1. Could you size up the charge dipole of region A:63-137 around its Cα centre, putting +1 on the beta carbon of Lys and Arg and -1 on that of Asp and Glu, and report it in debye to the nearest 20?
2. If you plug each phi of region A:84-99 into the Karplus form 6.51 cos²θ - 1.76 cosθ + 1.60 with θ = phi - 60°, what whole-Hz ³J(HN,Hα) values come out, in order, with x for Gly and Pro?
3. Round to the nearest 0.05 the FRET efficiency obtained for residue B:160 and residue B:203 when R0 = 60 Å and r is the Cβ-Cβ distance.
4. Filter chain B for me: DSSP H helices, axial length by Cα at least 15 angstrom, mean Kyte-Doolittle hydropathy not below -1.0. List them by residue number.
5. log10 I(q)/I(0), Debye, Cα-only the protein assembly as shown, no solvent, q = 0.06, 0.10, 0.11, 0.13 Å⁻¹?
6. Using alpha carbons only, how many angstrom separate the centre of region B:18-41 from the centre of region B:54-75?
7. Gap in Å between the Cα centre of region B:149-195 and the Cα centre of region A:115-183?
8. Work out the P(r) tail for region B:104-262: percent of alpha carbon pairs separated by more than 20 Å, whole number.
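We did not get these values from a lab; they are worked out from the coordinates using the rules stated. Model, not experiment: these values are computed from the prediction. Neighbour counts are summed over all protein chains in view; Cβ atoms, including those assigned to glycine, are modelled from backbone coordinates with ideal geometry.
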Amino acid sequence: MNAPRAASVAIENVSKRFAGGPEVLAGVSLTGRPGDFVALIGPSGCGKTTLLRLLAGLTLPSAGAVTIDGVIPAEARERLAFIFQEPTLLPWLTARQNVELPLRLRGAAAEARQTRALELLRLVGLEGAAAQFPRQLSGGMKMRVSLARALTRQPGLLLLDEPFGALDELTRNRLNEDLLRLREESPFTAFFVTHSVSEAVFLSNRVIVLAANPGRVAAEIMVPFPYPRRAELRESLDYQKLVAHANAALRTYQTA
Amino acid sequence: MSAPDQKKILWLPPALTGAALVALWYAAIAIFKIPGYVLPAPQAVIAAAWRERASLGHAMLHTGETALLGFAAAAAGGAAVALVLASSRWVKAALYPWVLVLQMVPVVVMIPIFVIWWGAGRPSITAIAFIIAFFPVAASTTLGLVSTDRGMLDLFTVLQASKAQEIFLLRLPSALPYFLAGVKIAATLAPIGAITGEFLAGTNPETLGYLLIVYRADPGKMPEVFAVALASYFLGLLFVGVVQWLSWRLLRDWHESERGAE
């Protein structure tokens with residue numbers, strides 16, 4: 001498989017209005033440089049998820065333009081992976097078959113598919129669960145399978161829509177650390193929607209604070225901690241200060 | 001708890017209910033002094049079934065064949081119609097009311113029409129079994145095909161799946177539990193349709209519906225009429241049992257409905 005290259009992202013003056021509804025996003029401009037880890041936080045209704053869906057080409061902007069490596073998302077899908085709020089594993093496939101799915105849809109040979117799927121399951125620590133069906137797995141394990149599936153095609157851009165929101169804190173922290181470790185092994189640009197400010201600061205080099213009604217970029221917070229980051233970062237005073245700062249910023253734009 | 005233990009316990013409740021019902025049956029005959037030509041005693045029914053075992057056995061076989069034919073056509077046709085109905089909202093809006101016609105027009109109206117078209121006998125009877133079993137499969141499968149998880153559809157879009165891949169790898173497997181639910185109902189209805197058809201338009205004396213005509217003509221043969229009911233019950237049970245087993249085989253790994261005790 002070719003060496004992956006992290007993608008660049010450009011969101012230029014994008015507005016989005018669903019038929020008959022109010023404006024969800026108004027004049028949003030954002031860029032993602034290759035290798036950026038961008039966290040999107042903001043009150044509910046600020047259009048975080050819509051922004052992510054625009055980046056995946058699952059919905060189209062009403063005005064403005066979204067490009068990934070210079071082309072529209074629908075043409076960049078080869079380089080793009082989406083991790084949904086739910087693990088969205090196909091319940092009738094085993095963990096391994098689920099991880100194989102992106103390659104299977106592309107018509108890859110069964111043997112190559114299996115090798116790659118087992119390699120990825122090992123990377124997320126689930127080689128022992130390859131033959132299990134999703135319902136036999138815990139919430140955290142399902143998310144790991146979902147993560148492994150997203151990485152099968154070595155995406156240049158990973159879009160994550162609050163993937164760990166339903167997990168307990170310990171599991172969530174572990175998965176955050178794993179996500180960063182996976183990124184070191186195969187670099188990608190990431191856009192990560194979350195409700196957790198501490199998660200946003202731990203993962204990203206840029207935290208974008210969005211305001212609601214209509215959704216717009218309210219503030220950007222740079223996170224200066226170098227990668228690779230380890231779990232110990234959470235105990236550092238600088239990290240905790242930045243989390244407090246980001247929380248304050250979020251409160252400013254939180255309409256009651 | 002080990003599996004054999006559970007099996008034993010699962011068999012127990014229906015066996016107890018059965019015993020209680022038979023006791024109630026006896027009690028009703030004794031207390032209200034019900035004559036045998038109105039409600040025969042259980043042992044009279046069993047004796048009649050044993051006496052008539054040869055004709056009942058043949059009849060079950062013939063009726064079973066007809067029901068199976070109608071059932072298979074209903075399962076295949078129901079699934080095919082569901083695929084068409086689920087293909088677009090406009091197609092569904094245009095066709096659904098006319099699919100309902102099949103379900104809404106009573107069998108007693110259909111039978112004379114079929115008899116005029118194809119004559120009395122097996123073709124008309126199979127058509128009745130088909131019609132009565134068809135609707136649950138079509139309705140349930142259509143529901144399954146339009147209930148595909150939105151997140152999974154998005155996933156397939158992002159993964160650049162072709163339309164055919166979306167249908168065969170996502171929509172059909174997720175509709176399978178719905179299809180099987182419809183087929184389960186069809187399995188109970190097809191034998192009923194066949195027996196009704198035989199009763200109203202049958203020509204073969206060795207069928208359950210026709211035997212009913214023969215027995216009920218003789219007031220002394222009330223136990224035989226009940227024996228036909230018993231045979232119909234076992235025929236239906238066989239149909240449902242096979243479908244239940246198939247459903248369990250296909251869904252046990254992944255669907256909640258067939259989840260075993262763990």
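1. Numbers: 9 positive and 8 negative charges, 36 e Å.
Charge dipole, region A:63-137, about its Cα centre: 180 debye, nearest 20.
2. Listing the rounded values in order: 8, 4, 8, x, 6, 7, 6, x, 8, 10, 6, 3, 5, 5, 5, 5 Hz.
3. Working: r = 58 Å, r/R0 = 0.97.
Approximately 0.55, to the nearest 0.05.
4. Working: long enough: B:3-32 (44 Å, 1.00); B:53-85 (45 Å, 1.12); B:89-104 (22 Å, 0.81); B:107-118 (16 Å, 2.63); B:122-146 (36 Å, 1.58); B:172-201 (40 Å, 1.27); B:222-251 (43 Å, 1.49).
Answer set is B:3-32, B:53-85, B:89-104, B:107-118, B:122-146, B:172-201, B:222-251.
5. Values returned for q = 0.06, 0.10, 0.11, 0.13 Å⁻¹ are -0.46, -0.89, -0.98, -1.21.
6. 31 Å
7. Here the two parts' Cα centres lie 28 Å apart.
8. On the way: 7862 of 12561 pairs.
So the portion of pairs separated by more than 20 Å is 63 percent.
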